[in-house]
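The block underneath contains the structure these notes are about, expressed in structure tokens.
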Amino acid sequence: MIQTTREVYTVARVIEQINDRLYTQLACANGWPERDEVAMHLLATTTVEQTWQAMTQEEKHMLVYMLFYIGHDMLTYRQMEQYAHDTSPLAAYSGLTGLRRRGLVYTLRRLWGEVAYIMPDDLQAVWRAHIRTIKKETGLPHTGISSEPVPALWDVLFAIVHTYRHEPIMLTKKGILPMKIRRRLQALIPYEEELIGSVYSQDADYTAREGFVLALLLHTGALRLYEAEAGPVYQVENERVCRLFAGRRSHVQSRVWQAIVDVVGHLHPLYPGMLEGLTIDDEIDVQALYDREQGLLAEAGTIPDQKAWAGFIGQVLPLLAGLGFGFCHTCENRVWFSWNGGRPSRCEVEERVDERLGYVQPTRDVLLLPSAPYDVRWEVGAYAELVDQQEVWTFRLTQQSVRDGMRSRGRADLGVLLTRIQGDIPESVWTQLERWMSGRQAAIFDHVLFLRCPDEAVADWLEGEGSLTHAVRERLNTCDFLIHEAGWNSVRAALEKHDIPVQCSGEAVLRPLVEQKTQEEGFKVESVFPALEDSLPELRDIPTIWYKNWQTYHASTLRNMLSKAQALGVPLRLEAGKNEWEEARVTEIRNEDGNYRVRFAVTGDSMIIPLQEVGRVSWKLPFS
């Protein structure tokens, strides 16, 4: 399995690195807005559509090659030379130059001169969505195969972070999980080793499923590595977990799906684009997805990566089905993938609806219905043990779990939370909870956020907003509030809904033990406005009349002209006898007993013309 090491490049990150001179040139050439708005402009659907309409055929072919053959990888200088050799140097380099001048592709250069080309990852996503116009075939007599439900990955991640939410995970001197923790982790991961191991290879420290789940938790920020007095520890990041598990099942599934795209996409540069293709519809004909890319790449002069597609269909799709995202089935030798509960979407958390979320039993079991948002489940888990994760989730309030919750969250949250779930709480439950929470009071550090409203009117509205009672902890003065950490998403969404801008400030108190690298080693985005002659220096020595005039030439000059047109892949406007052709290409020049004969390719046909019968001719260059 290939594992790409290319850094993640976004439009905003690349634009930050180019100098003002290049930005001004690109902005003037393409009508870009101010620098801080250009990323949003380039990612907009209208910009993509207008740019596609304005592109030359060479630019479109090069774009397809970048999107579906290079993907989340770098196009090296040598790869570009090979592609140009296999297709047409002029077409390939004019297409690349056009994309660079449009601000879609950028140049990376190492200090010692090595060159590579990249297209920002987020820009790739919007362009693939525009080009990939797969329509699900109709009339195909296939039926979905029902399968046994499997534990959903997002529920498994919830159970893991819930298990370690109150205490950090101490690591060994080697910086890995101790065997006691690993055995407990293995018990919480219900997936077979072979399912994950076929895609995500194990390393020397962990099995494939341990490493895969740990990678997801670190990628989402639910776990983070810190330095403690006793050594390195993994600690659950409550704020990041609250973001991950905000909203209902569909929202959580979409966030975990994005983490899967990032982690699995890192294993092969073409996987991110293939995974994007699955989200086109609730049910996808994967063969049609492949056929569409095959047709696009054929027009660009190449073929799909067969090995990558085989790995995706044979290993990645079963993994997605095994993790609960959907299921695969075949019909007439075609592979289909169907989403479980609908395809992921990047939707915001909807406004809270007042409905019953669950029940508080006299046995002190808290039953949460499927409609209960995941942030409520996370808040309940602060005070209760997670007992079951079937359709109805069961939490159990115990003396130890309640005291753990009080230590980390305070006693006031529990009452508000249980009232929100059911309303009136059984008196026996309240009595027992009061006993557990009573006694000698301890000094409590609580996790809250400080909110300063812009004026008193906004503060009065916030205090009186009934839907935010669970999130607002206390009003301190005229404009200042304390907000429950788990409820900050709801408050922020409500403020933004009323057109009140929200700004966040402050840094984490703790610093991570290991900081992620932010720059590709040795590479730097180059700030040079491209010209076609820089990629094809041979064009500088071409006589202007070859592409300005349509005329006849002396035999030696004509032979030289046609020979260079063959080497560079230049199309010609050609006259022979009384016939005239456009887009003729020289494929062969041979000498037969002192007589030169030229083979031309025109619209898929081939013809041989003696050199002396060639009449007027002209090169067709992109800038002529």
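As a proxy for reagent exposure, ranking Thr46, Thr557, Thr302 by other Cβ atoms within 10 Å from fewest up yields Thr46, Thr557, Thr302. If only the Cβ of Lys and Arg carry +1 and only the Cβ of Asp and Glu carry -1, the dipole of the stretch 23-71 around its Cα centre is close to 120 debye.
Scanning residues 5 or more positions from Tyr117 or on other chains, those with amide H under 5 Å from its amide H are Leu75, Thr76, Leu108, with H placed 1.01 Å from N in the peptide plane. Sorted ascending by nearby beta carbons within 10 Å, beginning with the fewest, Cys328, Cys28 become Cys28, Cys328.
Hey, what number do you get for the chain at 222 nm if only DSSP H runs of n ≥ 4 count, each worth -39500 (n - 2.57), divided across all residues, to the nearest 500?
Per the formula, -12000 deg cm²/dmol.
Built from the Cα atoms of the stretch 143-350, the convex hull projects on average onto 13.5 nm², one quarter of its surface area. Relative to the dominant Cα principal axis of the chain, helix 153-163 is inclined by about 40°.
Which order do the peptides 155-167, 525-537 take when ranked by the mean count of other beta-carbon atoms within 10 Å per residue, highest first?
Final packing ranking: 155-167, 525-537.
With 0.36 nm allotted per residue and the present C-alpha distance subtracted, the His219-Phe529 stretch has 108.0 nm of extension available.
Evaluate E = 1/(1 + (r/R0)^6) for Ala44 and Lys307, where r is the Cβ-Cβ distance and R0 equals 30 Å; express this FRET efficiency to the nearest 0.05. Given R0 = 30 Å and the Cβ-Cβ separation, E is 0.30. In this calculation the C-beta distance from Trp461 to Tyr359 is compared with R0 = 25 Å, giving a FRET efficiency of 0.15. For the stretch 542-619, the direction-averaged projected area of the alpha-carbon convex hull comes to 4.7 nm².
How many nm separate the modelled label positions at Ala12 and Glu332, each set 7 Å beyond the Cα in the direction of the Cβ? In this crude label model, Ala12 to Glu332 measures out at 4.6 nm. What does the charge add up to near Val602, with Lys and Arg as +1, Asp and Glu as -1, over the other residues with Cβ less than 10 Å from its Cβ? Within the 10 Å Cβ shell, the charges total -2. Taking the C-alpha atoms only, the angle from helix 89-101 to the longest principal axis of the chain is near 40 degrees. If you take the Cα centroid of the stretch 16-42 and the Cα centroid of the stretch 186-229, the two points sit 40 Å apart.
Considering only Gln186, Gln399, Ser438, and ranking their Cα positions along the charge dipole of the chain that arises from unit charges at the beta-carbon of Lys, Arg, Asp and Glu, the one farthest toward the positive end is Gln186.
Rounded, prolate or oblate, given the Cα gyration tensor of the stretch 11-131, with a/c below 1.5 counting as rounded? Taking the square roots of the gyration eigenvalues as a ≥ b ≥ c, the stretch 11-131 is oblate. By the count of other C-beta atoms within 10 Å, a proxy for reagent exposure, His266, His498, His251, His219 are ordered fewest to most as His498, His219, His266, His251. Per-residue packing, averaged as other Cβ atoms within 10 Å, sorts the ranges 584-591, 369-376 into the order 369-376, 584-591, beginning with the highest. Estimate the FRET efficiency between His498 and Leu369 by the formula 1/(1 + (r/R0)^6), using the beta-carbon distance for r and 35 Å for R0, to the nearest 0.05. Calculated transfer efficiency: 0.70.
For the stretch 310-326 versus the stretch 444-470, the spacing of their alpha-carbon centroids is 45 Å. When restricted to Cα atoms, the chain yields an Rg and a Dmax of 31.0, 111 Å, respectively.
For the chain, take the longest principal axis of its alpha carbons; what is the angle in degrees between that and the long axis of helix 208-220, to the nearest 10 within 0 to 90? Approximately 90 degrees, to the nearest ten. Stretching the chain fully between Arg182 and Ser438 yields a gain of 88.5 nm (0.36 nm per residue, less the alpha carbon separation).
Placing dummy labels 7 Å off each Cα toward the beta-carbon, the span from Gln57 to Cys28 is 3.2 nm.
Among 225-236, 190-201, sorting by the average number of other beta carbon atoms lying within 10 angstrom of each residue, highest first, gives 190-201, 225-236. For the residue pairs Lys524/Lys620; Lys60/Lys307; Lys524/Lys548; Lys60/Lys620; Lys578/Lys620; Lys548/Lys578, the alpha carbons lie more than 27 Å apart in Lys524/Lys620; Lys524/Lys548.
Only the coordinates and a few stated rules stand behind these numbers; no lab work does. This is a predicted model, so every value here is computed, not measured. As a convention, Cβ positions derive from the backbone with ideal geometry for all residues, glycine included, and neighbour counts pool all protein chains shown.
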